[in-house]
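A quick write-up on the structure given underneath.
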């Protein structure tokens with residue numbers, strides 16, 4: 001991954017307006033690292049997010065690029081602390097984006113699939129700087145699920161600038177898809193799979209959490225198109241999809257029957273909100289005539 005100072009590259013001027021272009025073999029996009037609050041049940045957590053504008057949004061934005069183009073990605077750090085930045089397979093070591101500073105990365109052409117982009121520093125990991133990068137997925141119907149698990153006590157210790165409180169076992173209270181917990185996952189147009197009978201879609205999934213997760217599909221088998229870790233699964237058709245921590249996969253779903261079907265985590269604690277069922281990592285597939 002190459003790194004550039006934007007001041008020296010006039011041809012990247014459109015980046016600052018958040019325009020995603022694919023011209024002369026390269027694309028351009030912009031990310032803002034924003035701070036804000038995430039409200040769940042009785043907890044309010046300070047979080048970090050990669051957004052596509054300077055305005056805080058609770059969900060990390062999903063990026064799209066073609067498989068035959070370099071991506072010139074500008075990252076603007078609005079946080080009070082520096083953050084590193086990387087993409088699965090092409091991690092940029094030793095590069096910190098300082099507070100109120102801007103860095104542009106050249107991400108070379110990548111194979112078709114889904115990848116995780118993220119910050120690996122402690123504050124970035126625990127406060128949620130991790131998103132979905134789609135490469136070469138050209139279907140008209142695309143959805144993405146960014147999985148996360150959250151333990152407010154650890155998040156609070158990091159956001160307040162203290163030491164990580166890791167003496168106790170990691171016991172998350174919240175489990176989310178695109179920062180939504182059930183039943184609010186049905187309000188998320190990026191994650192709620194809604195199609196007509198006979199349509200086909202891709203579902204890009206990134207496990208941004210601190211633990212492994214297993215998603216179970218009712219009504220459908222899905223085919224693995226890509227995986228960044230468990231590559232032996234590519235080509236498999238399954239109704240249950242395990243995702244290791246940090247893994248990104250692309251699934252193909254064919255809407256071959258009508259109806260409303262749930263998708264849920266097979267770990268019982270992960271389908272609760274602060275211990276109350278149902279909640280957490282549950283979403284829906286809605287196939288209409």
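What the table below lists for this structure:
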| quantity | calculated |
| --- | --- |
| Residue order, fewest to most beta carbons within 10 Å, for 284, 129 | 284, 129 |
| Calculated Cα extents along the principal axes in Å (choose from (1) 54, 48, 33; (2) 72, 53, 35; (3) 59, 53, 37), label | (1) |
| Euclidean distance between Cα centres, the stretch 206-225 to the stretch 239-268, Å | 4 |
| Estimated FRET transfer efficiency (residue 153, residue 189; beta-carbon r; R0 35 Å; 0.05) | 0.60 |
| The stretch 139-156 versus the stretch 183-204: alpha-carbon centroid distance in Å | 15 |
| Within the stretch 246-289: backbone nitrogen closer than 20 Å to the residue 168 label point (7 Å, Cα to C-beta) | 269-277 |
| The stretch 208-237 residues near the modelled residue 111 label - backbone nitrogen below 18 Å, point 7 Å along Cα→Cβ | 223-237 |
| Computed [θ] at 222 nm, helices only, for the chain once each DSSP H run of length n ≥ 4 contributes -39500 (n - 2.57) | -1000 deg cm²/dmol |
| For the stretch 176-289, fraction of C-alpha pairs farther apart than 20 Å, in % | 38 |
| Length added when fully stretched, residue 200-residue 160, from 0.36 nm per residue minus Cα-Cα | 9.9 nm |
| Shape of the stretch 79-189, Cα gyration tensor, a/c cut at 1.5 | oblate |
| Förster radius 30 Å - calculated FRET efficiency between residue 98 and residue 269 (Cβ-Cβ, nearest 0.05) | 0.20 |
| Model label zone, residue 260; criterion: amide N under 18 Å from point 7 Å along Cα-to-beta-carbon; scope the stretch 161-192 | 181-192 |
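Rule-based calculations on the coordinates, nothing more; no lab input. What you see is a predicted model; the values in this text were computed from it and never measured. Glycine gets a Cβ as well: all are built from the backbone with ideal geometry, and neighbour counts include every protein chain shown.
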